[in-house]
1. Tally the residues that are in contact (Cβ under 8 Å) with a residue 24 or more places away in the chain and among the acidic types (Asp, Glu), restricting the search to segment 102-127.
2. Residues being part of a helix (DSSP H, G or I) and touching a Gly at 6+ places or on another chain (Cβ under 8 Å): count how many of those fall in segment 93-147.
3. If I filter segment 62-77 for residues that are more than 30 Å from Leu163 (Cβ to Cβ) and among the aliphatic types (A, V, I, L, M), do I get at least one hit?
4. Considering each of Ala18, Ala50 in turn, give the residue that is open to solvent by less than 40 Å² (accessible area, probe 1.4 Å) and either more than 23 Å from the chain's Cα centre (by Cα) or under 16 Å from Ala123 (Cβ atoms) (or both).
5. Output yes when any residue across segment 41-52 is in contact with a strand residue (DSSP E or B) (Cβ under 8 Å, 6 or more places away or on another chain), at negative phi and in a helix (DSSP H, G or I), and no when none is.
6. Among (1) more than 30 Å from Glu58 (Cβ to Cβ); (2) open to solvent by 60 Å² or more (accessible area, probe 1.4 Å), where does Leu163 come up short?
7. Filter segment 89-132 for residues that are hydrophobic (A, V, I, L, M, F, W, C) and open to solvent by 70 Å² or more (accessible area, probe 1.4 Å); which is nearest to Ala56 (Cα to Cα)?
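The values are calculated or read from the model by the stated rules, or taken from the named source; none is laboratory data. Here the structure is a predicted model, which means the values were calculated and not measured. Quick reminder, even Gly has a Cβ in these numbers, built from the backbone with ideal geometry, and neighbours come from all protein chains shown. The accessibility values were calculated without ligands, DNA or RNA, using every heavy atom of the protein model including side chains. Shrake-Rupley method; radii C 1.70, N 1.55, O 1.52, S 1.80 Å.
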Amino acid sequence: MALSTYSELQSLVANYLARSDLTTQIVDFIQLGEVRLRRDLRLREMLTTADLTVNAQEVDVPSDFLQLREIHFDTTPITQLDYLVPTSFFRNGRVKEIGRPVFYTVTGDKFLFGPSPDATLTAKLLYYQKPNFLSDSNTSNVFLTTCPDALLYATLAESEPFLMNDERVAIWASLYDRARIQLTSSDDAAEFSGNPMQMTVT
């Protein structure tokens, strides 16, 4: 089974569905499958780092942002930021202060910092990024290289409502869930294997 490029994925989906008349629809099914994976998976292969210029209390998150893993300011000494849920953030009296931020929250597509920065700072981000959607010009992505089976089953699951084949929805959903659980488990095991968790006091 060849499954390393976008065109191979399209062909395989057509074969599984035993249909040769769904060329346009298969493109949509694949993208819907990718949307499902974006929601469900947080794999280490999706992690990336970036610098964020913080010169105001509200700063846009990166365009490919899915979920934050870690943030700190590149100061001397390094300033670790504490996360507050939005309700706690807005009730915190220090939100109205001006100075070096010590906590943050995320609302929609914005980072909010408190206190409001009194100087331009560089935040170091570690976050899960959205893989670019597959296309004729982007023939591979992290989903296709890391978990092609999950992508295939997610795509097939998204196809069945269009094809009105209720019986096969459960089959593809079950195979997708199995792949997702295995991926999450193996990713967790790889991240922490050989390294006992330790508590650090700063």
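1. Total meeting the criteria: 1.
2. 2
3. Taking every residue of segment 62-77 in turn, at least one turns out to be more than 30 Å from Leu163 (Cβ to Cβ) and among the aliphatic types (A, V, I, L, M).
4. Answer to the check: Ala50.
5. Yes, there is a match, as at least one residue in segment 41-52 is in contact with a strand residue (DSSP E or B) (Cβ under 8 Å, 6 or more places away or on another chain), at negative phi and in a helix (DSSP H, G or I).
6. (2)
7. Result: Ile98.
Each row is one residue, and each column tells you yes or no for (1) touching a residue at least 60 places away in the same chain (Cβ under 8 Å); (2) touching a strand residue (DSSP E or B) at 6+ places or on another chain (Cβ under 6 Å).
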{"residue": "Thr24", "(1), (2)": "no, no"}
{"residue": "Phe29", "(1), (2)": "yes, no"}
{"residue": "Val54", "(1), (2)": "yes, yes"}
{"residue": "Arg69", "(1), (2)": "no, yes"}
{"residue": "Ile78", "(1), (2)": "no, yes"}
{"residue": "Phe90", "(1), (2)": "no, no"}
{"residue": "Ile98", "(1), (2)": "no, yes"}
